[in-house]
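Shown next, in C-alpha cells, is the structure this report addresses.
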Amino acid sequence: MAKGFFDMLLDEIFDADWKGHRGEKLTERELKLVGFLGRKGKILRNIYLPKEKGETTEIDVVYITQKGIFVIESKNYSGWIFGDEKATYWTAMLPNKEKNRFYNPIKQNRTHLKWLGKYVGEEVPLFSLIVFSERCELKKVTVDSPEIKVIKRDRLYAAVRSIWDTAEDKLAEEQVDEIYGMLQKMTDVDQAVKEAHVKNINAKYKKADAAETALQEDVSEPTVQLQEAEESNIQKAEEAPEPGVEELLCPRCGSKLVLRTAKKGTNAGNQFYGCSRFPKCRYIQNR
Ligand SMILES: [Zn+2]
C-alpha cells in the first residue's frame, strides 16, 4: 500500500464539492484510482443504503479490499472535540467556549455498518473509521472497541495499516469486484430509494423478523427522509434557538442545524432539523 494512495483517499473523503459533481468527473477519477490501486482495493463515495420504511442511510466513503470493507465517516468540525463511544451526543467546543453538539459519529457509522452488513452479507468484515479534519483537536475521545478508530486525517494511513496488518484476507478479487459493482449502483440515490421501498413492502410479510430487529436496535441514526429535502417543502423556522441549549451541528458539513417546518406532503406541519447551509447542504433529520 503506497502512501500516495492515502493522500488520494483523503482527497476523496474531504472533497466538499463532490456532491455537486457526479457523472463524468466521477468516472474519470475512479478509473484513475482503480488503475493506481491495481486489484488491491476500490473506493466508492456517497452510498445510499436501503433501511426500513423506505428510508435510506448514506455512507461517506467505502474502501473495499481483500480484508473487508473500511467504512469511513468524515467529520469537518472545528474546535475541541469531546466524545465517548457510548454517549448519544458529542461536543465540539470553539475557542470562544461556545459549545455545540453532534450525534455520536460512532453510533452513526454503526448504523451504516448494520445496513451494509445486511446488504453485502454478514460474512464480509466491516471496519469503522471516523475521520476528523485538521480543523479540530480530539481533546478527549473515549473508544473502547479496538475495531473502531476515531482519528484525525493524518492518522488514516496508520489506522488502515494497523487493521490491514492484523486482519486475514477474506475476499477474493472477484468478490471485491462483485461488492464494488453492487454498491456502485447504490451511489444512485433513486435506485437506493427504489430498493428501500421494495424492502419495505417485503417487510410487511416479515413482521416477526422486524420485531426481532427492533429489539436488537441500538439508538439509530437520526432519520433522513429524502423527499423532505425538496426546497418547496421547506421554510425557515422563525424562532431563535432556546437560550442555554447547546446547538446541534450538521453531521455532514459541520454548520448549525435549524428547526424547520415541513410545508407540504405527508409530513406537512411537522418540525424537523435542517442544515443552515440549505440548499448547499441538504442534510435533514427528525426532531
Ligand atoms: Zn450541512
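The values are calculated or read from the model by the stated rules, or taken from the named source; none is laboratory data. Only a predicted model underlies this, so the values are computations on that prediction, with no experimental measurement involved. In this analysis, Cβ positions are derived from the backbone assuming ideal geometry, glycine residues included, and neighbour counts consider all displayed protein chains.
Pairs meeting the criteria (first residue in the stretch 241-264 and modelled with pLDDT under 85, second residue acidic (Asp, Glu) and surrounded by 19 or more Cβ atoms within 10 Å (Cβ to Cβ), beta carbons under 7 Å, at least 6 apart or on different chains) are 262/228.
If you go through the stretch 265-278 and keep only what is in contact with a strand residue (DSSP E or B) (Cβ under 9 Å, 6 or more places away or on another chain) and either more than 8 Å from the ligand (Cβ to nearest atom) or in contact (Cβ under 8 Å) with a residue 40 or more places away in the chain (or both), you end up with 268, 269, 270, 271, 272, 273, 274, 278. Once the stretch 163-184 is narrowed to residues that are at pLDDT below 90 and under 22 Å from the mean Cα position of the chain (by Cα), the residue that is surrounded by the fewest Cβ atoms within 10 Å (Cβ to Cβ) is 164. In this structure, is residue 128 assigned by TED's automatic domain parsing to the domain that holds residue 167, buried (at least 21 other Cβ atoms within 10 Å of the Cβ) and of a type outside the set (A, V, I, L, M, F, W, C)? Against the criterion (assigned by TED's automatic domain parsing to the domain that holds residue 167, buried (at least 21 other Cβ atoms within 10 Å of the Cβ) and of a type outside the set (A, V, I, L, M, F, W, C)), residue 128 qualifies. Of everything listed in (1) surrounded by fewer than 17 Cβ atoms within 10 Å (Cβ to Cβ); (2) modelled with pLDDT under 90, the single unmet condition for residue 137 is (2).
Answer yes if at least one residue in the stretch 96-106 is assigned to a strand (DSSP E or B), under 12 Å from the mean Cα position of the chain (by Cα) and either among the hydrophobic types (A, V, I, L, M, F, W, C) or modelled with pLDDT of 90 or more (or both), and no otherwise. Break it down stepwise before answering.
Of the stretch 96-106, the ones assigned to a strand (DSSP E or B) are 99-103.
Applying the additional criterion that residues be under 12 Å from the mean Cα position of the chain (by Cα) yields 103.
Cutting the leftovers down to either among the hydrophobic types (A, V, I, L, M, F, W, C) or modelled with pLDDT of 90 or more (or both) gives us 103.
Checked the stretch 96-106: at least one residue is assigned to a strand (DSSP E or B), under 12 Å from the mean Cα position of the chain (by Cα) and either among the hydrophobic types (A, V, I, L, M, F, W, C) or modelled with pLDDT of 90 or more (or both).
Whenever a residue of the stretch 85-103 is free of Cβ contacts under 8 Å to residues at least 40 places away in the same chain, it has no partner that is β-branched (Val, Ile, Thr) and surrounded by fewer than 16 Cβ atoms within 10 Å (Cβ to Cβ) lying with C-beta atoms less than 7 angstrom away and at least six residues away or across chains.
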